[in-house]
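Before any comments, here is the structure.
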Amino acid sequence: MNSLYLFAGTEKGLFILKSNSERNNWSVEGPLLKGWKVFDCQLDRRNDPILYAAVGHFIYGPCIHISRDFGRTWSQIENGPQYGENSQFKLNSIWTIVPGPEKYPNRLYAGVDEAGLFVSEDKGYSWQELTGLSAHETRSEWMPGAGGLCCHSVLIDSENPKRIWIGISSVGVFRSDDGGSTWTPKNAGIEQIIPNEHYKEIGFCVHSMTADPQNPNKLYQQNHRGVYKSSNGGDSWVRIENGLPGSFGFPIGIHPYKPETLFTIPLESDEYRMPPNGDLKVYKTDNSGDSWRPLSEGLPTKCFASVMRQALAIDNFDPCGLYFGTTGGQIFASNNEGATWNQIPCQLPRINSLSVVSL
C-alpha cells in the first residue's frame, strides 16, 4: 500500500485527496461532478475498480454516476434506483452505496430517501426495490428526521450475507434474516423520540451504525438520544456513554483491526448541533464503549461547524488513520489513531461524506 485516497462528497461536487503512506502530504483534485450534490462515493475493488457516486441535482434529481478511470470521466447509470410509477413513495435522494459481500462480487445496495433499500446484482447497472421494507406493516407511521426520511446505514453480516441491518431516520434499526425479503425492527433498549400509539417498535432516530469486523453480532450506533451497543445482533441495545460530554452526535466508526476501539464526535444537543463551546474533539474508546476519552491535539478550539453522519472515515494502515470533514468545508486528518491532528490544506464546500481507500 503506497498511496491513500480520500473521497470527499460535498454540496458542490466530489473532491479526491491523495497522500503517501505517511499521510503527511496531500494533493487535492476537484471539483469532479461539478454542480452535483454528492451524498456518497465508494470505490468498489471486488472486480475492476469502479467509483460509484450517489448524487443529486435540484433540476435533474437523484442518480448514480460511475467512473472506471478513477474519476477522470463519468457516466450516469440509466436504470438507477427508482420507485415504480404506481408507488406512493418519492425518490428524493440516494444516501449511500454499499458494496455487497465478497461472495457476490456484482452486488451493491443503495439506501434512499424516502426510506427504502435497493439492490443491484450487475455492478450497479440496474436496481430492484426490496419491497419487503417499503411495504413494512409500520410504514404508514414512519416519520422523517431533520435530514429527511432517509435510509442512510446498511450493514451486511460478514458471515451470513442474508442478514442485513439498516438505519432509518427517524424510524430506527431494522434487520432482515432472509436477504431483504422481510424486516423486523430492532430497537429494544433505545430511547424513543417519536412515540407511536400503534407501533411501539418504531420512532427511534438512529444517526449512524457500524459493526465489529470480527463479530457481526456486535453492533454500535450513534443515536439522536445516545451512543449504544448491541452484543446480540440488534435484539437489544445498551448505552455506552461514560466519559462523553453529551449524547448527541452523528458519526461513529470502528478500528479496522482493533474491534474494541471506536471513535465518535459528540455535538451539543439536537437543538444546537455544534461542538460544545466550539471545542472540537474526537472521542475514543478502547474497551467497546465502557469508557471514552477525548482526542484533540491539533484540533481547533473555536470551531462551530458540525460533522455529518457519513463524514468520518478510517483507513487500514498501521497505525490507522482517521479523517473527518465539517459542514464548514474543513478536513482534519490523523495518522496515529487520533493522538494528533492536522487540517488538510484545503477549504471545500460543505462536506457530506468521506470514504478512504489505500492502493
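Every read-out reported here was derived from the displayed coordinates using simple, explicitly stated rules and does not represent laboratory data. Predicted model only: the values in this text are computed from it and were never measured. Here Cβ is always computed from backbone atoms with ideal geometry, including for glycine, and neighbour counts include all displayed protein chains.
Mind telling me which of Tyr52, Tyr109, Tyr83 comes out most flexible in a GNM of the chain, alpha-carbon contacts under 10 Å?
Maximum fluctuation in the GNM of the chain, among the listed residues, is at Tyr83.
So between Val238 and Lys18, what do we pick up on full extension, going 0.36 nm a residue minus the alpha carbon distance?
75.3 nm
Looking at the range 209-359, what % of its DSSP beta bridges pair antiparallel, to the nearest 5?
Close to 95 percent.
Could you check the spin-label model distance between Val28 and Tyr125? Points 7 Å from the Cα along Cα→Cβ, value in nm.
Result for the modelled spin labels: 3.7 nm.
Neighbour counts of other C-beta atoms within 10 Å: give me Tyr272, Tyr228, Tyr5 arranged from fewest to most.
Starting with the residue having the fewest Cβ neighbours, the order is Tyr272, Tyr5, Tyr228.
Would you mind pulling out the separation of the Cα centroids of the range 230-303 and the range 180-219, in Å?
19
I'd like the Karplus ³J(HN,Hα) series for the range 258-270: coefficients 6.51, -1.76, 1.60, θ = phi - 60°, whole numbers in Hz, and an x wherever there's a Gly or Pro.
Karplus-based 3J(HN,Hα) across the range 258-270 equals 10, x, 7, 9, 9, 9, 8, 10, x, 10, 7, 6, 6 Hz.
Would you work out the relative contact order for the range 74-118, in percent, from Cα pairs under 8 angstrom that are 6 or more residues apart?
32
At 222 nm, what helix-only mean residue ellipticity would the chain give, in deg cm²/dmol to the nearest 500, using -39500 (n - 2.57) for each DSSP H run of four or more?
The per-residue figure over the chain is -500 deg cm²/dmol.
Using the basic label-point model (7 angstrom from Cα toward the beta carbon), what is the Thr73 to Asn217 distance in nanometres?
Placing both labels 7 Å along Cα→Cβ, they lie 5.0 nm apart.
About the Cα centre of the chain, what is the dipole size in debye to 20, counting +1 per Lys and Arg Cβ and -1 per Asp and Glu Cβ, all else neutral?
580
Tally the DSSP beta bridges in the range 39-358 and give the antiparallel ones as a percent, rounded to 5.
If I count the DSSP bridges inside the range 39-358, around 95 percent turn out antiparallel.
Just Lys200, Lys37, Lys284 to compare: in a GNM of the chain, with alpha carbon springs under 10 Å, which one fluctuates most?
The residue with the greatest mean-square fluctuation here is Lys200.
Normalising by the residue count of the chain, find the relative contact order in percent from Cα pairs under 8 Å and 6+ residues apart.
12
Which whole-number percent of Cα pairs in the range 172-235 have a distance greater than 13 Å?
Above the 13 Å cut-off, the range 172-235 has 63 percent of its Cα pairs.
For the range 70-169, what D do you get in µm² per second when you plug the Kirkwood radius from alpha-carbon pairs into Stokes-Einstein at 37 °C and 0.692 mPa s?
This corresponds to a translational diffusion coefficient of 229 µm²/s.
Output the Cα-based Rg and Dmax of the range 39-358 in Å, rounding Rg to one decimal and Dmax to a whole number.
Rg and Dmax of the range 39-358, Cα atoms, are 18.6, 54 Å.
Find how much the distance from Asn287 to Ala339 grows on full extension, using 0.36 nm per residue of separation minus their present alpha carbon separation; answer in nm with one decimal.
17.0 nm
Can you tell which of Ile66, Ile194, Ile168 shows the greatest fluctuation in a Gaussian network model of the chain with Cα springs below 10 Å?
In the Gaussian network model the winner is Ile194.
Put a dot 7 Å past each Cα toward the Cβ at Asn277 and Glu102; how far apart are the dots in nm?
Taking the simple label geometry, Glu102 and Asn277 are separated by 4.7 nm.
How long is the gain from Thr184 to Gln82 if the chain were fully straight, where each residue apart is worth 0.36 nm and the alpha carbon distance is subtracted?
34.4 nm
A 20 angstrom limit on the alpha carbon distance is what I want to check against. Which of Lys218/Lys258; Lys90/Lys200; Lys37/Lys302; Lys162/Lys186; Lys18/Lys123; Lys258/Lys284 exceed it?
Lys90/Lys200; Lys37/Lys302; Lys18/Lys123
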